Amino acid sequence: MATRIRPSSKRCAVIGGSGFLGRHLVERLVEKGYSVAVFDIAQRYEVPGVTFHQGDLCDKQALLKVLKDVSLVFHCASPSPACDDRNLFWKVNVEGTRTVIQACQEAGVQKLVLTSSASVVFEGTDIKNGKEDLPYAKRPIDYYTETKIQQEKVVLEACSKEKDFLTVAIRPHGIFGPRDPQLVPILVDTARKGKMKFIIGDGTNLVDFTYVENVVHGHILAAEHLKPDSPLCGKAYHITNDEPIRFWDFMSQVLVGLGYDAPRYHLPYALVYGIAMLLWLITSLLRPLVNIKPTFTPMRVALAGTHHYYSCSRAKQDMGYQPVVRLKEAIARTVASYPHLRR
Ligand SMILES: NC(=O)C1=CN([C@@H]2O[C@H](COP(=O)(O)OP(=O)(O)OC[C@H]3O[C@@H](n4cnc5c(N)ncnc54)[C@H](OP(=O)(O)O)[C@@H]3O)[C@@H](O)[C@H]2O)C=CC1
Ligand SMILES: CC(C)CCC[C@@H](C)[C@H]1CC[C@H]2C3=C(CC[C@]12C)[C@@]1(C)CCC(=O)C[C@@H]1CC3
């Protein structure tokens, strides 16, 4: 019987490696001596020693070419939550992830680390120190969350010691840091339009914002601890900064750091949420004619006005996780990295 020669455990692929998190992950993996192949729909940078493969993760043949000689795959590709395109989310996050699993199994990949999201349990109501055993959201607020839930289930169910294919899901929350295309740019854009004057709710809600390097650290620890006899197999792990902060204090620190005014006036949460729902309905109905993207979506309003912070004690216990960059330093580094967005 022919025996398959196992590629080195330091040969890995990063699907979505051109994105915000993916690129930080690639850079750290290279620093740690991994040999890295990036698979992404777009190539946006170059790093010596990293090979780039442009393709759609829904295309199994394209994936197989890249995965045939790697033992570890990180899957951190997803359409942007801002696109709000249900068909695209299902095609990429659910069907595409099934294709990734099949390709991994056919290529003989041994470990798959999925970037899931802590939002898979978020339904718009308070979560305080939430643990991984919270049930998945029964009524997810948006299509992105709906498909992240299905994606995580598909990946964790595929974990099989018999098939020599181990999986684990990392659930970060509110990732921020240099080159983030979402949080800081959206915040600044909103401030420049004069819409960042208001605090939604009483402003005391605590939230996790997680520095990108801590998220990267969590992914690599998970990959290195994922073994047939480890507790990680088929499980999900929250990775946060472990320093919940008032949502509006975080926003204010970033805004003030970049020279903008902090929001001051309070608006009732229920009122803003109602308006966001109405706007979402109207823009959905108008979508065949005109594609308008409202700033205040129901998801953003819910995130801005409720508590949502998570315990990462499972990650600490099973993989020795501790954040490597504290929040104060993380905010300072992030602010300094956006000179072009200063007032
Ligand atoms: N940002 C956050 O706060 C959080 C993010 N996450 C998860 O982390 C992961 C990374 O997020 P982030 O780095 O912010 O996102 P990015 O959009 O920056 O990165 C995702 C990358 O995947 C690519 N991609 C999209 N569709 C495909 C496809 N069909 N085939 C191949 N590549 C594709 C994107 O290309 P293109 O840009 O051209 O679409 C992009 O380069 C995602 O899974 C996200 O769900 C979880 C929790 C919080
Ligand atoms: C308009 C303002 C009230 C808020 C502006 C900031 C927001 C753009 C961000 C604050 C929390 C962020 C967040 C995500 C996207 C950007 C924010 C809404 C995610 C939805 C990204 C994808 C996830 O998996 C969960 C994130 C939670 C936090």
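Throughout, read-outs are computed from the coordinates displayed, never taken from laboratory work. Just so it is clear, the structure is predicted and the values come from calculations on it, not from any experiment. For neighbour counting, all protein chains shown are included, and Cβ atoms are generated from backbone atoms with ideal geometry for every residue, glycine included.
Work out the length of the dipole vector of the range 28-135 about its Cα centre, built from +1 on the beta-carbon of each Lys and Arg and -1 on the beta-carbon of each Asp and Glu, and round it to the nearest 20 debye.
I would put it at about 260 debye.
Mind checking the dipole of the range 162-207: about its Cα centre, +1 per Lys or Arg Cβ, -1 per Asp or Glu Cβ, Debye to the nearest 20?
Dipole about the Cα centre, nearest 20: 360 debye.
Helix 143-157 versus the longest principal axis of the chain: what is the Cα-based angle in degrees, 0 to 90, to the nearest 10?
The helix 143-157 is inclined about 30 degrees to the chain.
Along the three principal axes, how long is the range 91-189 when you take its alpha carbons, biggest first, rounded to the nearest angstrom?
46, 31, 25
When Met277, Met196, Met251 are ordered from fewest to most other Cβ atoms inside 10 Å of their Cβ, what list results?
Neighbour counts put them in this order, fewest first: Met277, Met196, Met251.
Under the definition of Cα pairs under 8 Å and six or more residues apart, what whole-number percent is the relative contact order of the range 189-274?
48
For the range 269-326, what mean projected area does the convex hull of the alpha carbons give, in nm²?
Quarter of the Cα hull surface area: 6.6 nm².
Give the dimensionless ratio obtained when the Cα radius of gyration of the range 1-157 is divided by 2.2 N^0.38 Å.
Relative to the 2.2 N^0.38 Å estimate, the range 1-157 comes out at 1.08.
When N counts the residues of the range 236-277, how does its alpha-carbon radius of gyration compare numerically with 2.2 N^0.38 Å, as a ratio?
Taking N as the residue count of the range 236-277, the ratio is 1.57.
What are the extents of the Cα atoms of the range 231-318 along their three principal axes, listed from largest to smallest and rounded to whole Å?
50, 36, 25
Note down the relative contact order for the range 133-284 as a percent, whole number, built from C-alpha pairs under 8 angstrom at least six residues apart.
29 percent.
Could you give me D for the range 172-272, from Stokes-Einstein at 20 °C and 1.002 mPa s, where the hydrodynamic radius is the Kirkwood radius over C-alpha pairs? Units µm² s⁻¹, please.
Using the Kirkwood radius from Cα pairs, D works out to 137 µm²/s.
According to the Cα gyration tensor, what semi-axes, each the square root of 5 times an eigenvalue, does the equivalent ellipsoid of the range 105-144 have, listed from largest to smallest in whole Å?
Each semi-axis is √(5λ); the values are 28, 13, 8 Å.
Taking amide H positions as placed 1.01 Å from N in the peptide plane, with prolines and chain starts having none, which residues 5 or more places from His266, or on another chain, fall under 5 Å of its amide H?
Under 5 Å from the amide H of His266: Ile199.
Using the Kirkwood formula on the Cα atoms of the chain, what hydrodynamic radius do you get, in angstrom to one decimal?
Radius from the Kirkwood sum: 20.8 Å.
Over the chain, what is the relative contact order in percent, taking alpha-carbon pairs closer than 8 angstrom and at least six residues apart?
Over the chain, the number comes to 17 percent.
Once each part is reduced to its C-alpha centroid, what is the distance from the range 262-297 to the range 152-201 in angstrom?
21
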